[in-house]
Each structure stands twice: as C-alpha cells, then as structure tokens.
Amino acid sequence: MLKRAYTFILFLSTAGISFGAAYKIPEQSQRSMGTAAAYFAGADYADANYYNPSNMVFLENRTYIEFGSRYINLPPVKFEGKASDPVTNSFQIADAKTEEENFIIPYFHIVFKGNENVRWGLSFVTPAGLSKRWSAVKQRSTAEEFTLKVFELNSSLALKISEKFSIAGGIRGIYASGKIKYRFEPAYKVNMDGDSGYRFGYNISATLKPSKNFTISTAYRSKVNIKIEGDASGYLYDPLNSTTYPIAVGGHVIVPIPAEWRLGTAYRWKSTVFEITYEKTFWSSYKILDIQFNNSTIDSQLGKPKDKYWHDSETVRFGIRHIFNNRFTGMFGIAYDETPIPQKTVGFELPDSNAWLFSLGGIYNVSEKFEIGLSYLYVTKIERNVNTPPNENGIDGKFSDLSAHLVNISLGYKF
C-alpha cells in the first residue's frame, strides 16, 4: 500500500507541474491585448522591445515607455462525469466546478533613445502562469491548488542594416515559483512549494520593409529550462500497519519553457493597420518530466520519470488598429489557439482545449507625448471530452465553461 501510494503521489506531482509549463500568456502590452496578440510585424511603441525588437530602429528617435497592469478573471470550470477514486481505483460520480479566481499582474516596456542605426530596449513581463483550485473531494485528491508564476526580464539590441532591413537580438532572464496542494483524508495530504533561480535564454528577430506601408517580420525565442527547487510536506497513511508517515523532503524538477517562432505581416492602408501573425510553440521538446528528491528512499518511490510527449501547437492571429483622429486609436483582434496537450494527459489540474480569442481596445492621446489605454480580451475554449484509464489520469467525462476575461490598463509616454 505504501509503495502504491508513493507512486500515486508521483503522478500527482508531475501532472501539476506540467500544468504550469503549458499555460502561456502572450498578451503583454496594451496593443497586444487589443489585437489578440496579432500585434507583431507592426510593433511601433515601447513594447516593440519584447514583441519585435528589430522594429526598434524604425521608431522615431525618442525614448518610449509603457507601464500597465492586467486584471485576469478565471470563471469556474465545470466537469460532468466520473473520476477514479485514488485508493480503490474505481470510477465514481465527480460532478464539480473549480473556484473562481482573480489576479492583477503588472508589466513595463522601455525603448531608449539611440541613433538612426542602433536602439536598445528593456521589458518586464509574465509570459506564463496558472492557477486552478478545486474544493470537491475527488478533484482535490489531485488538484486542490496548482499555482505557477513566471517572470521575465528581457533586454534587446537592434541594428539597422539598411533603410528596409534590420535585425535584433537579446537576452531573456526568467524566474519562476510554484505551489501544489492535494489531499484525500485520511490517506494522504501533500503541500509542495518551491522557486527557481534565474535561467537565461535568447531572442532574435528580423524585419523587412519592402515598402513604406508593408512590413514582414520573423522572431524566435529560445527554449529555457527552469529548475524549480523546494520542499514537500504532509503525511501518508499505511492501513496495513495503521501507521502515518510524515513527508518532509526537498527536491527539484526541471520544467521547460518551450521555444517559440513567429512570422507576421503588417500593412498600413490610410489610417488602418492590418496584421496577420502565425505562431508556433515547440512543445514537442517536452517529452519526460522527472522529479528528483534529496532523500534516496523517497526518490526511489517518487522519482520515476513520467512520459509527456506533447505536440507542437500553432496559433493564427488577426488584428486591426484604426486611427479615428489625432486623439483616439481603436483596436480589434481574433485568434485561434491550439492546445499542445493530448487527451491522455488532460487532468483536473489543466482542463485545457483549443480556444478562440476575441479582443477590443482603445488608446487615447492626452497629449503629443502622453497616452492612456484600455483593452479587453475574452478567451473561450471548446468543450473537451476525456476518457483515460483509472491507472492513468482516471477521468471519464466532459470539461465545459472553459473561459477567461482579461482587462488591460496602461500609461504610455515618449520624449
């Protein structure tokens, strides 16, 4: 019983960590939020440093700054069906909903004044994150709480090769923290908490302007492996000898932030900019997750690697920005986003599916130098049926009402 319970804890741990790795947040600025993150080839403000740094040398030679904050609302996710009992491995009715959650997340972007051929920028963003909480008995046995926060400090340098072509490159510094809770009294209770040091990657981009109003851009962000170190606490009950074993051990796990490639075009027609962006995220590099514990006895029970074998995901985005007058610019966006997670690894910690995104926004110029912005993004995910054996995720049912609401407020200044 003790060995089986330890093996079950390994399953829970790997499932929870994978949830955090899969959850991307591409909207990291006002213009990006307002266009469903289609904003890329036409990037023309402080956020160009993050989205398309090769565009920085085509900006007017000023310092551009944007400070903003996103409000994220995650409505309850609904599950109807059966789930495996963690002790008996038998399916039982497990209809339930997640807890509603709300977050406020800040960011900033700066492109510094330089010269006509060289520009430098700096951004602070949160490119990934998650939170999922269940209070129902069956769901909290695997996912009472799963929270992950990922922070990135991005610095890029752009060079103008000619009046029509530029390149850029930069360094990504990424830090992450996470928390996992699950329990099924009196069999077990586990709390895991940890964080990482800074890990580094790179980004490169290039922009070609065949004409004044037409832009083609491509960009690549490297894979970054995050090593999260922390502690696990709780207890595990063995009914064979009526003994409760305390859990108090340190350990680590390496979680990949996958590489990403973008290709996009922007076309300006009179007062309107149209953008189409194709995005590919290389989740197929995420094949195995291996938690390693500092205690050799526990590691022999919990340290079995778990297969993931996710697939690369693709996203297509379309956005419009229209200048109504000298004061106001309106924005609209739509996108279709593919999940990388196959059915066999969908669980209560990450009830993910393919999604549609819709956005609206506006930027008001208070003066020639100062602007304020407001945008809204709605994410709706397609209902997903899941049927996995009891000895794997152990779910037979349907996830529905998968959605999210995001509101972005920003202040911009150029001088």
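The values are calculated or read from the model by the stated rules, or taken from the named source; none is laboratory data. All values reported here derive from a predicted model rather than from experimental measurement. Positions of Cβ are generated from backbone atoms using ideal geometry, with glycine treated the same way; all protein chains shown enter the neighbour counts.
A few notes on this one:
- Considering 136, 176, the condition of being within 18 Å of residue 196 (Cα to Cα) and touching a strand residue (DSSP E or B) at 6+ places or on another chain (Cβ under 7 Å) is satisfied by 176 alone.
- Subset of the range 329-388 that is of a type in the set (Gly, Ala, Ser) and surrounded by fewer than 22 Cβ atoms within 10 Å (Cβ to Cβ) - its residue that is nearest to residue 132 (Cα to Cα): 353
- Single residue of the range 251-286 satisfying the filter (more than 22 Å from residue 308 (Cα to Cα) and among the small types (Gly, Ala, Ser)) that is surrounded by the most Cβ atoms within 10 Å (Cβ to Cβ): 266
- Complete set of residues in the range 232-275 that are among the hydrophobic types (A, V, I, L, M, F, W, C) and either without any contact (Cβ under 8 Å) to a residue 40 or more places away in the chain or more than 17 Å from residue 179 (Cα to Cα) (or both): 236, 240, 248, 254, 257, 259, 261, 263, 266, 269, 273, 274
- The set of residues from the range 52-98 being among the aliphatic types (A, V, I, L, M) and either touching a residue at least 24 places away in the same chain (Cβ under 8 Å) or part of a loop (DSSP other than H, G, I, E, B) (or both) comprises 56, 57, 59, 65, 72, 74, 77, 83, 87, 94, 96.
- Filter pass, residue 386 being assigned to a strand (DSSP E or B) and either out of contact with any Lys or Arg (no Cβ under 8 Å at 6 or more places or on another chain) or at pLDDT 95 or above (or both): no
- Top-ranked residue in the range 115-130 [being in a loop (DSSP other than H, G, I, E, B) and of a type outside the set (Asp, Glu); ranked as surrounded by the most Cβ atoms within 10 Å (Cβ to Cβ)]: 117
- Contacts under 9 angstrom Cβ, first residue in the range 330-343 being among the hydroxyl-bearing types (Ser, Thr, Tyr), partner outside any loop (DSSP other than H, G, I, E, B) and surrounded by fewer than 21 Cβ atoms within 10 Å (Cβ to Cβ), 6 or more apart: 336/314; 336/316; 336/355; 336/356; 339/355; 339/384
- Scanning the range 216-231 for residues that are under 21 Å from residue 290 (Cα atoms) and without any contact (Cβ under 8 Å) to a residue 60 or more places away in the chain yields a total of 6.
- Residue count for the range 138-176, restricted to those that are at pLDDT below 85 and among the hydrophobic types (A, V, I, L, M, F, W, C): 3.
- Condition met for residue 49 (polar (S, T, N, Q), within 27 Å of residue 210 (Cα to Cα) and not in a helix (DSSP H, G or I)): no
- Taking the range 183-231 and the strands (runs of 3 or more DSSP E) fully enclosed by it, the elements with 3 or more residues that are at pLDDT below 90 and out of contact with any Pro (no Cβ under 7 Å at 6 or more places or on another chain) are at 188-196.
- Selection from the range 61-105 of residues that are loosely packed, with under 15 Cβ neighbours inside 10 Å and in contact with a helix residue (DSSP H, G or I) (Cβ under 8 Å, 6 or more places away or on another chain): 92
- Taking the criterion of being more than 17 Å from the chain's Cα centre (by Cα) and not in a strand (DSSP E or B), the residues of the range 252-276 that qualify are 270, 271.
- Selection count where residues are at pLDDT 90 or above and either polar (S, T, N, Q) or on the phi > 0 side of the Ramachandran plot (or both), scope the range 333-352: 1
- For the range 68-124, the set of residues classified as within 22 Å of the chain's Cα centre (by Cα) and among the acidic types (Asp, Glu) consists of 99, 100, 101, listed by residue number.
- Residue within the range 86-104 that is of a type in the set (A, V, I, L, M, F, W, C) and under 30 Å from residue 374 (Cα atoms) present: yes
- Within the range 184-227, the set of residues being of a type in the set (Val, Ile, Thr) and within 16 Å of residue 257 (Cβ to Cβ) comprises 224, 226.
- Condition check for residue 102 on (1) assigned to a loop (DSSP other than H, G, I, E, B); (2) without any contact (Cβ under 8 Å) to a residue 40 or more places away in the chain: one failure, at (1).
- Matching residues, the range 186-207, being buried (at least 16 other Cβ atoms within 10 Å of the Cβ) and either among the basic types (Lys, Arg) or without any contact (Cβ under 8 Å) to a residue 60 or more places away in the chain (or both): 189, 191, 194, 196, 199, 201, 204
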